[in-house]
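In what follows, a structure is listed as structure tokens, so that the remarks can point back to it.
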Amino acid sequence: MDSASGGSAALDPNSIKEDPLSGSTPPTASQQGGGESSSSPAPPSRYESQKRRDWNTFLQYLKNHQPPLTLARCSGAHVIEFLKYLDQFGKTKVHITGCPYFGHTNPPAPCSCPLKQAWGSLDALIGRLRAAYEENGGLPESNPFGARAVRIYLREVREGQAKARGIPYEKKKRKRPSATTKVVGVNVSVAATQAVDCGGYDSGGGGTAPN
């Protein structure tokens with residue numbers, strides 16, 4: 001996915017020197033040997049640090065946008081532009097349609113397909129920014145990170161990457177205990193017997209037996 005086109009501008013190269021979604025955070029004062037007293041507040045969690053870092057990165061993006069954007073004027077379309085911009089920092093190989101390894105989970109050789117942000121990283125990023133927006137005074141009903149267009153875009157990225165990389169994004173089915181399976185089997189047998197006694201039903205249609 002190409003970086004945001006049109007009116008958006010790239011961030012200052014000096015403001016971001018690594019993947020914004022890498023999760024690395026600056027060392028705290030205690031990690032630097034600052035000798036903070038035991039009464040000092042605990043450092044923020046990794047999630048809170050990353051959320052603040054993501055928020056500052058997005059504000060910097062708005063500042064460098066052409067024309068410059070204010071947070072109040074930010075829409076779901078601008079959020080999507082931001083996500084596309086972040087692809088240049090991606091580390092996930094996403095094969096294009098014409099690539100011989102399209103749909104292969106483990107390609108046997110390298111290819112020239114682009115690196116992009118993985119769907120899971122973008123989905124987690126939107127969750128953090130959505131929370132940060134409201135924590136900084138934004139109203140839930142006007143939250144651009146919760147816009148329908150953003151949800152559709154993320155779904156398209158997930159489906160596209162699943163096909164290109166040969167990775168299915170499906171929920172694993174939970175295995176039922178054997179005792180429960182037996183009970184279900186008995187109930188189905190009884191229901192089928194009752195159906196036959198009452199004249200039967202269309203087994204090919206997948207319907208349920210009448211009560």
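Accessible surface ranking for THR92, THR105, 1.4 angstrom probe, highest first: THR105, THR92. Each residue was assigned an accessible area with a 1.4 Å probe, and for LEU69 the value is about 20 Å². Using only the Cα atoms of the stretch 53-105, each taken as one equal point scatterer with no solvent, compute I(q) by the Debye sum, divide by I(0), and report log10 of the ratio at q = 0.30 Å⁻¹. Log10 I(q)/I(0), no solvent term: -1.27. For the residue pairs LYS63/LYS116; LYS116/LYS163; LYS51/LYS116; LYS51/LYS91, alpha carbon separations beyond 18 Å are given by LYS63/LYS116; LYS51/LYS116; LYS51/LYS91.
Sorting LEU71, LEU62 on solvent-accessible area from highest to lowest, probe radius 1.4 Å, gives LEU71, LEU62.
Enter the mean projected area of the convex hull around the alpha-carbon atoms of the stretch 33-144, in nm², rounded to one decimal.
Result: 11.6 nm².
With a 1.4 Å probe and every protein chain left in place, tell me how much accessible area LYS116 has, in Å² to the nearest 10. Estimated to the nearest 10 Å², LYS116 gives 30 Å².
The values are calculated or read from the model by the stated rules, or taken from the named source; none is laboratory data. Predicted model, so just to flag it, every value in this text is computed and none were measured. These accessible areas exclude ligands, DNA and RNA; they are computed on the full protein's heavy atoms, side chains included. Shrake-Rupley method; radii C 1.70, N 1.55, O 1.52, S 1.80 Å.
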